[in-house]
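Chemist: Okay, handing you the structure first.
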Amino acid sequence: MRWLRDGSAGAVAEALAEVGLGGYPVVVRESVENDPTWWSASAVVGEQYVVKFAWSEPAALRLAHEIDMLARLRPTVPYLPEVVASSTDPLLLVTALVPGESLFEIVDSIDRDDAGRQLAEFMGELHGQVGPGLPAASLQPAATDVLREQFPKWARPDQRADVVRWCDWTDDVLATPGPQVLVHGDLHGGNQVWDGGALRAVVDFETAGFADAEYDLRTFPGTGPGVELLTATMRHYPRELSIERVMAWHLRTALADALWRSEAGVPLPDHRTPPGWVDDLADRFAALGIET
């Protein structure tokens, strides 16, 4: 496996030429990570393709995993991007450019029941896949012991006991692993391409592997107004899901995101505050009728 020398447009163009896609203009999407673990990016090629590439070993291993996953999952799983070319020497994944917008951009304007139906169709097929050699998913949310120790200073005094109680509840809910299925692993709205109310593609399978089915719904409670997208997706999903497990993973995800951004001085995605996110979590628990 040979990854790129750097993340420049020139290095990408050289690698594309080696796989028969030379001569196209390359527009690299900015990557600002300083940690070599995340030295990967994507670029638009000739306004026709998207190329993913890496210029460090850790990032290259994740991209190689994604290349393998897409090869395994076609043609049985719907809504996958069309692979135009893939290579490990040089390491590249080229897919057809899919016109559309992220779910984050259009979720307020679409029929959330229909959106949930399409997402449930994707997950139902993905979660039913089996095969040898598939790893456990790379689980991202911070552990609850970290959240108990570090998050309360970012919450209001009146919220701190709730945060600790929620962490205890999450530990209880997730104490026993659920049935393990093949999950996408990072199924947030930015990894979905929509055209109006139609799901066109789900991208970024770098962390796919075996985990709870509910892990793939961990960002849904915070996507769009209320919890409608989550409840619609669960209603259309072909197998039974635990709303408690979804919210346990959601709690870890939301608080972990708010924690690392606050510690690093990075604005939260909606430019609000950690206390505002804690209030949102309380509202979501109440809307779903969950007592912690």
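Chemist: Sorted by average packing, counted as other Cβ atoms within 10 angstrom per residue and highest first, what order do 264-277, 45-58, 168-181 take?
Modeler: 45-58, 168-181, 264-277
Chemist: Compute the helix-to-body angle for 160-173: its Cα long axis versus the longest principal axis of the chain, expressed 0 to 90° and rounded to tens.
Modeler: Compared with the principal axis, the helix lies near 70 degrees.
Chemist: When the Cα centres of segment 126-204 and segment 234-292 are compared, how far apart do they sit, in Å?
Modeler: Centre-to-centre distance over Cα atoms comes out at 9 Å.
Chemist: Also, I was wondering about something else. What's the local net charge at Gly23, with K and R +1, D and E -1, over the other residues with C-beta under 15 Å away?
Modeler: -3
Chemist: Placing +1 on the Cβ of each Lys and Arg and -1 on the Cβ of each Asp and Glu in segment 116-159, which of Ala142, Trp154, Ala120 has its Cα farthest towards the positive end of the resulting dipole?
Modeler: Positive-end residue among those listed: Trp154.
Chemist: Once you place label points 7 Å from the Cα toward the Cβ at Arg29 and Asp114, how far apart are they in nm?
Modeler: In this crude label model, Arg29 to Asp114 measures out at 2.6 nm.
Chemist: With axes computed from alpha carbons, what is the tilt in degrees of helix 274-287 against the longest principal axis of the chain, rounded to the nearest 10 within 0 to 90?
Modeler: 70 degrees
Chemist: Give, as a single signed number, the net charge of other residues whose beta carbon lies under 10 Å from the beta carbon of Thr292, with Lys and Arg counted +1 and Asp and Glu -1.
Modeler: -4
Chemist: Shifting gears a bit: Quick one: if you stick a label point 7 Å off each Cα along the C-beta vector at Val19 and Val130, how many nm between them?
Modeler: Each label point is offset 7 Å from its Cα along the Cβ direction, giving 3.2 nm.
Chemist: Related question: Enumerate the residues in segment 122-162 having an amide nitrogen under 19 Å from the point lying 7 Å beyond the Cα of Trp38 toward its Cβ.
Modeler: 138-143, 147
Chemist: Sticking with this one: Tell me the label-point distance for the pair Asp145, Asp158, using the 7 Å Cα-to-Cβ offset, in nm and rounded to one decimal.
Modeler: Inter-label distance under the simple model: 3.3 nm.
Chemist: How far, in degrees from 0 to 90, does helix 9-18 lean away from the longest principal axis of the Cα atoms of the chain, to the nearest 10?
Modeler: So the inclination is approximately 60 degrees.
Chemist: What does the charge dipole of the chain about its Cα centre add up to, to the nearest 20 debye, if the Cβ of each Lys and Arg holds +1 and the Cβ of each Asp and Glu holds -1?
Modeler: My answer is approximately 240 debye.
FYI, it's all coordinate maths here, none of it is from the lab. Just so it is clear, the model here is predicted, and its values are computed rather than measured. Cβ sites come from the backbone with ideal geometry, for glycine too, and all protein chains shown count toward neighbours.
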